[in-house]
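K.L.:
Before anything else, here's the structure in question.
Readers should treat all values here as calculations from the given coordinates under stated rules, not as data from a laboratory. Just so we're clear, the structure is a prediction, and the values are computed from it rather than from any experiment. Cβ atoms come from the backbone with ideal geometry, glycine included; neighbour counts cover every protein chain shown.
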Amino acid sequence: MSVVSRAPAYIRSLSPYQPGKPVSELSREAGIPEQDIVKLASNENPLGMSPRAREAAVAALEEGARYPDGNAFALKAALAEKYNVDTAQLVIGNGSNDVLEIATRAFLSPGDATVFSQYSFAVYPLATIARGARGIQTAARHYGHDLDAMAAAIDESTRIVFIANPNNPTGTFLPGAEIEAFLARVPPDVLVVLDEAYTEFLPPEKRYDAIAWIARFPNLLVSRTLCKAYGLAGLRLGYGIAHADVADLMNRVRQPFNASVVAQAAAVAALGDEDFVRETAENNRRGMAQLTDAFAGLGLEWIPSSGNFVTVRVGDAEKVNRALLAQGVIVRPIGAYGLPEWLRVSIGLPAENARFIAALRGALA
Ligand SMILES: *Cc1c(COP(=O)(O)O)cnc(C)c1O
């Protein structure tokens, strides 16, 4: 009897998350110099991080031998001020992936269930199964969430519903009013995790304020991140905002030092640099038009996206992906999401987008 065979069956059933291929790996495999590789595979910020965040991160290295502030006093103060919430309503995560996982740790027992949509973020089923819980996946509607189907799928055993808005990997968007109406239909003892990893990319007319709903819906957890629009993907920093009782429960199962000294310092500075976020959103808006114009020119179908990426139908995506890699362009095939004909492409700098378009044209020829 091996040690592995004694691990819970639900752990042995897991397939690991498939990340985007690192630049260094393609460089090694294909013999392409790293500086000639364009990576548009992980929805990273093509502008890097805010110069103010970078400066704060470098300064924080001085404290690298000390444990971080496990209560993230300065960061929570900055978030509480920005969103007009109490610091007791906050949960800090090592990326928002951590926040999602902490929620499953706090609320799921083996045998419980979570509800999420087909084509939604891969971490929802992963974090669910890792708790010995059961994922109930509802069929997508136009590649996005079908909230009626999700409400109908909630049963006695359901403890969490996950909604990504905008969704990854499809970029679909639900108007705030629809989510608000959904919340009114969900039993008050079921946690709704509203994952807003891409909310900073929304144009003004699509904005809504989910944080304001928490007072009426104490079963709502709003999850956000500084890894996308704020450019801290490598440093890792996310946060959850919820009713204080929910946050308190989650903080009991959070690793005490889950956000590093460097990440916390960078995050405080990043939150104070709204110009950088605006610039990021503007680059994204232009890059999205650059890519979708090219798709239209090539006669390719794409899913209209509200994120910092767009998903395009290319036919045999594995084959097209291999041809792109050979040209030093890394994007994300999403066959593992059940979309084998599609590639997800992150919006880059104008020159990076142009490299991808040229490589795609070559790959399809
Ligand atoms: C990227 C992403 C996250 C988490 O990213 P972190 O880097 O862990 O903050 C969460 N949800 C969705 C939908 C994402 O696409």
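K.L.:
How large is the dipole of segment 66-127 about the Cα centre if only Lys and Arg carry +1 and Asp and Glu carry -1, each at its Cβ, rounded to the nearest 20 debye? All intermediate terms of the calculation are to be shown ahead of the outcome.
P.N.:
Numbers: 4 positive and 6 negative charges, 22 e Å.
With Lys and Arg at +1 and Asp and Glu at -1, about 100 debye.
K.L.:
Next question, about the same structure. Can you give me the P(r) profile for the chain? Cα pairs, bins 10 angstrom wide beginning at 0, each as a whole percent.
P.N.:
Taking all Cα pairs of the chain, the binned fractions are 5, 23, 32, 27, 12, 1 percent.
K.L.:
Can I ask one more? Mean residue ellipticity at 222 nm from the helices of the chain, using -39,500 (n - 2.57) per DSSP H segment of n ≥ 4 over the full residue count, to the nearest 500 deg cm²/dmol?
P.N.:
Numbers: 13 runs with 140 residues, N = 365.
The helix contribution divided over the chain gives -11500 deg cm²/dmol.
K.L.:
Where the only charges are on Cβ atoms (+1 Lys, Arg; -1 Asp, Glu), what is the dipole of segment 51-273 about its Cα centre, to the nearest 20 debye? Before the final figure, lay out the partial values.
P.N.:
On the way: 19 positive and 24 negative charges, 69 e Å.
I would put it at about 340 debye.
K.L.:
Before anything else, pin down the relative contact order of segment 152-287: Cα pairs under 8 Å, at least 6 apart, normalised by residue count, whole percent. Don't jump to the answer; show the numbers that get you there.
P.N.:
Numbers: 161 pairs, mean separation 26.6, N = 136.
Worked out over segment 152-287, it gives 20 percent.
K.L.:
Chymotrypsin sites (Phe, Trp or Tyr not before Pro) within segment 1-83: which are DSSP loop residues with at most 13 other Cβ atoms inside 10 Å? The partial results should precede the final answer.
P.N.:
Values: sites: Tyr10, Tyr17, Phe73, Tyr83; in loops: Tyr17.
Those satisfying the criteria are Tyr17.
K.L.:
Just add up the charged neighbours of Gly234: K/R +1, D/E -1, any other residue whose Cβ is under 14 Å from the Cβ of Gly234.
P.N.:
+3
K.L.:
Local charge sum around Phe121 (other residues, Cβ-Cβ under 15 Å, Lys/Arg +1, Asp/Glu -1)?
P.N.:
Values: positive: Arg224, Lys228, Arg332, Arg344; negative: Asp98, Glu101, Asp195, Glu196.
Result for the neighbourhood of Phe121: 0.
K.L.:
Counting other Cβ atoms within 10 Å, which chymotrypsin sites (Phe, Trp or Tyr not before Pro) in segment 240-334 have at most 13 and lie in a DSSP loop?
P.N.:
On the way: sites: Phe257, Phe276, Phe295, Trp302, Phe309; in loops: Phe257.
Within segment 240-334, the qualifying chymotrypsin sites (Phe, Trp or Tyr not before Pro) (loop, at most 13 other Cβ atoms within 10 Å) are Phe257.
K.L.:
Counting only other residues whose beta carbon sits under 11 Å from that of Asp275, what net charge do I get with K and R as +1, D and E as -1?
P.N.:
-2
K.L.:
Do you know the relative contact order of the chain, to the nearest whole percent, from alpha carbon pairs under 8 angstrom that are 6+ apart?
P.N.:
Working: 692 pairs, mean separation 86.5, N = 365.
Relative contact order here is 24 percent.
K.L.:
Another question, if that's okay. On a 26 Å Cα-Cα criterion, which of the cross-link pairs Lys21/Lys76; Lys21/Lys206; Lys39/Lys228; Lys206/Lys228; Lys21/Lys82 come out too long? If you can, show how the numbers build up before the last one.
P.N.:
Working: Lys21/Lys76 33 Å; Lys21/Lys206 32 Å; Lys39/Lys228 15 Å; Lys206/Lys228 18 Å; Lys21/Lys82 35 Å.
Check vs 26 Å cut-off fails for Lys21/Lys76; Lys21/Lys206; Lys21/Lys82.
K.L.:
Ok, one more. Can you tell me the relative contact order of segment 275-341? Whole percent, Cα pairs under 8 Å, sequence separation 6 or more.
P.N.:
Values: 43 pairs, mean separation 13.6, N = 67.
Reported relative contact order: 20 percent.
K.L.:
Counting other Cβ atoms within 10 Å of each Cβ, which GluC sites (Glu not before Pro) in segment 151-199 have at most 11 and sit in a DSSP loop? Mind showing how you got there, number by number?
P.N.:
Numbers: sites: Glu156, Glu178, Glu180, Glu196; in loops: Glu156, Glu196.
Answer in residue order: Glu156.
K.L.:
Now for a different question. Which cross-chain or sequence-distant (5 or more) residues have an amide H under 5 Å from the amide H of Gly95, H modelled 1.01 Å from N in plane?
P.N.:
Leu237, Gly238
K.L.:
Still on this structure, I have one more. Taking the beta-carbon count within 10 Å as an exposure proxy, list Leu360, Leu249 from fewest neighbours to most. Walk me through the numbers before you get to the answer.
P.N.:
Details: Leu360 25, Leu249 18.
Sorted ascending by nearby Cβ count, the order is Leu249, Leu360.
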